[in-house]
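Trainee: Below is one structure. I have some questions about it.
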Amino acid sequence: MDMDLTISKAYISSDGGWFLDVFHVTDQQGCKIRDEKLIGNIQKALSLQKKKWTAAFQKCPGRSIGIQTISEHTAIELTGTDRPGLLSEVSAVLAEMYCRVNAAEVWTHRRRVACVIYVTDEDTLGPIENVRKLERLLEKLKPIMQGYDNEKIARSVVAESFTHVERRLHQLMLADHDSDSSDLQNQPTDEKLKNPEITVEIGSEMNYSVVKIQCPDRPKLLFDTVCTLTDLKYVVSHATIYPSGPYAVQEYHIRKMDGHTLDEEAKSKVKKCLEAAIERRSSEGLRLDLCTSDRPGLLTDVTRIFRENGLSVTRADVSTQGDKAVNTFYVTDVNGHPVDMKTVDAIRKDNPLLGVHAVPLASEVGRALDVSPFSKFIKTSERILQGLGWRA
């Protein structure tokens, strides 16, 4: 996934301490990979020497913000009930506390929200080392995430360990029980037809349980389903993934960590969690790309403009590249309906320096892979930290 490749087919098999995995991959345009350097990087990434990653791969350059990496930031994790204007309120608190947002990724699903925000202290341009300041920041963020209902499940904490950000977002939403929430009754009929078809065969006591998934194909689908099964503490022993027209078909043979198959309660949970994992990455709303000179408080100003114009952010990728802020937002109106393009035109007219551009739906469908500006920030940092001995 971090090499921006698309997996079109896959065969996974492991038994008796051995494994054999076969992946059919293409580049973003669906073409065969012929770049020798890229092929070499793939081999380095997958090769083991004395059960350790090769030194060459550990030092492999990748994403960064300017000359900084994730280790030079403070990572804040937030979960709670989604509502219009939430990101604006969060970014306002960060600006008030003189915290500069260098990168962030926000997901919403079934009225729940999870985000990971990387900030630096404006006074030191490094991680927030003042313990009291960090405590005050979290104290201010907590009631915002709790919302009007003062819900207890809301969360605002500093990340204690390093995990791939998209896997971490899956984990945060899984822990937040977004799969237990349901807005299906509010979905139009054409949206219900897009819901994944998932079946689970329980299997015999010491055999395998079989999970079958059919849904519209899209980038990172395999990543989302495998991470979810792993986070649910299941072992994938065999799997087959292949395309069927515009759909992807996945079949997994799984067991619990203790070697047993699923029971009826676990079967229901697996179905709900996989459905939620597949839905989370589906970007609802109009995509707005923003590219402008970076400055303190930029995210606060942008999200305030969205809120004042009746726009609600359903997903966001926020990053900086050098002295530029390169951000992507998916927005709807406050009721979750499509955005009137007159609203976007008004925002552009009133704020010409922001460089806001609406991306037509056809351009979204044509993208072979989701290469967000935030993910470009994460890649290098992950590899550097892995080289320093960090583990997910």
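Trainee: Look at the range 214-238 and say how many of its residues are within 15 Å of ILE12 (Cβ to Cβ), touching a helix residue (DSSP H, G or I) at 6+ places or on another chain (Cβ under 7 Å) and assigned to a strand (DSSP E or B).
Mentor: Final tally of qualifying residues: 1.
Trainee: Then there's this: Hey, could you check the range 182-218 for residues that are surrounded by 15 or more Cβ atoms within 10 Å (Cβ to Cβ) and among the small types (Gly, Ala, Ser) and say which is modelled with the highest pLDDT?
Mentor: SER209
Trainee: Kindly check whether there is at least one residue in the range 42-56 that is at pLDDT below 90, more than 28 Å from THR120 (Cβ to Cβ), out of contact with any Ser or Thr (no Cβ under 9 Å at 6 or more places or on another chain) and open to solvent by less than 50 Å² (accessible area, probe 1.4 Å).
Mentor: Among the residues of the range 42-56, at least one is at pLDDT below 90, more than 28 Å from THR120 (Cβ to Cβ), out of contact with any Ser or Thr (no Cβ under 9 Å at 6 or more places or on another chain) and open to solvent by less than 50 Å² (accessible area, probe 1.4 Å), which makes the answer yes.
Trainee: Please specify each residue of the range 121-174 satisfying the condition of being more than 25 Å from the chain's Cα centre (by Cα), without any contact (Cβ under 8 Å) to a residue 12 or more places away in the chain and part of a helix (DSSP H, G or I).
Mentor: Answer for the range 121-174, where residues must be more than 25 Å from the chain's Cα centre (by Cα), without any contact (Cβ under 8 Å) to a residue 12 or more places away in the chain and part of a helix (DSSP H, G or I): VAL131, ARG132, GLU135, GLU139.
Residue-wise test of (1) under 30 Å from LYS342 (Cα atoms); (2) in contact with a strand residue (DSSP E or B) (Cβ under 6 Å, 6 or more places away or on another chain); (3) modelled with pLDDT of 95 or more.
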residue	(1), (2), (3)
LEU232	no, no, yes
THR240	no, yes, yes
GLU251	no, yes, yes
LYS256	no, no, no
ASP263	no, no, no
ARG280	yes, yes, no
GLY285	yes, yes, no
LEU288	yes, yes, no
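Trainee: Continuing with the same structure: If I ask for residues that are assigned to a strand (DSSP E or B) and surrounded by fewer than 17 Cβ atoms within 10 Å (Cβ to Cβ), which ones from the range 239-267 would you list?
Mentor: Listed by number, the residues that qualify are THR240, TYR242, PRO243, SER244, TYR247, VAL249, GLU251, LYS256.
Trainee: Name the residue that is surrounded by the fewest Cβ atoms within 10 Å (Cβ to Cβ), counting only residues in the range 289-305 that are within 17 Å of GLU105 (Cβ to Cβ) and in contact with a helix residue (DSSP H, G or I) (Cβ under 7 Å, 6 or more places away or on another chain).
Mentor: Checked the range 289-305; the qualifying residue surrounded by the fewest Cβ atoms within 10 Å (Cβ to Cβ) is LEU290.
Trainee: Moving on. State which residue pairs qualify: first residue in contact (Cβ under 8 Å) with a residue 40 or more places away in the chain and of a type outside the set (S, T, N, Q) and inside the range 246-258, second residue assigned to a loop (DSSP other than H, G, I, E, B) and surrounded by 15 or more Cβ atoms within 10 Å (Cβ to Cβ) in any location, beta carbons under 7 Å apart, and separation of 6 or more residues or different chains.
Mentor: Going by the 7 Å Cβ cut-off, the qualifying pairs are HIS253/TYR208; ILE254/TYR208; ARG255/TYR208; ARG255/THR261.
Trainee: Go through the range 317-338 and count every residue that is touching an Asp or Glu at 6+ places or on another chain (Cβ under 7 Å), surrounded by 19 or more Cβ atoms within 10 Å (Cβ to Cβ) and either free of Cβ contacts under 8 Å to residues at least 40 places away in the same chain or hydrophobic (A, V, I, L, M, F, W, C) (or both).
Mentor: Counting residues in the range 317-338 that are touching an Asp or Glu at 6+ places or on another chain (Cβ under 7 Å), surrounded by 19 or more Cβ atoms within 10 Å (Cβ to Cβ) and either free of Cβ contacts under 8 Å to residues at least 40 places away in the same chain or hydrophobic (A, V, I, L, M, F, W, C) (or both) gives 1.
Trainee: Take the residues of the range 73-110 that are touching a strand residue (DSSP E or B) at 6+ places or on another chain (Cβ under 6 Å) and in a loop (DSSP other than H, G, I, E, B): which is nearest to VAL318 (Cα to Cα)?
Mentor: HIS73
Trainee: Going through the range 219-230 one residue at a time, which ones are in contact with a strand residue (DSSP E or B) (Cβ under 8 Å, 6 or more places away or on another chain) and open to solvent by 20 Å² or more (accessible area, probe 1.4 Å)?
Mentor: PRO219, LEU222, VAL226, THR230 - these are the residues of the range 219-230 that are in contact with a strand residue (DSSP E or B) (Cβ under 8 Å, 6 or more places away or on another chain) and open to solvent by 20 Å² or more (accessible area, probe 1.4 Å).
Trainee: Which of (1) assigned to a helix (DSSP H, G or I); (2) charged (D, E, K, R); (3) open to solvent by 60 Å² or more (accessible area, probe 1.4 Å); (4) touching a strand residue (DSSP E or B) at 6+ places or on another chain (Cβ under 7 Å) does LYS272 not meet, given it meets every other one?
Mentor: (4)
Trainee: Pairs only if they're at least six apart or on different chains, beta carbon under 8 angstrom, first in the range 26-48 and without any contact (Cβ under 8 Å) to a residue 24 or more places away in the chain, second surrounded by 10 or more Cβ atoms within 10 Å (Cβ to Cβ) and of a type in the set (Phe, Trp, Tyr); list them, first residue then second.
Mentor: Hits for this filter: LYS44/PHE57; SER47/PHE57.
The values are calculated or read from the model by the stated rules, or taken from the named source; none is laboratory data. Keep in mind that what you see is a predicted model, and the values were worked out from it rather than measured. Cβ coordinates were reconstructed from backbone atoms using ideal geometry, including for glycine residues, and neighbour counts include every protein chain displayed. What goes into the accessible areas is simple: the full protein's heavy atoms, side chains included, and nothing from ligands, DNA or RNA. Shrake-Rupley method; radii C 1.70, N 1.55, O 1.52, S 1.80 Å.
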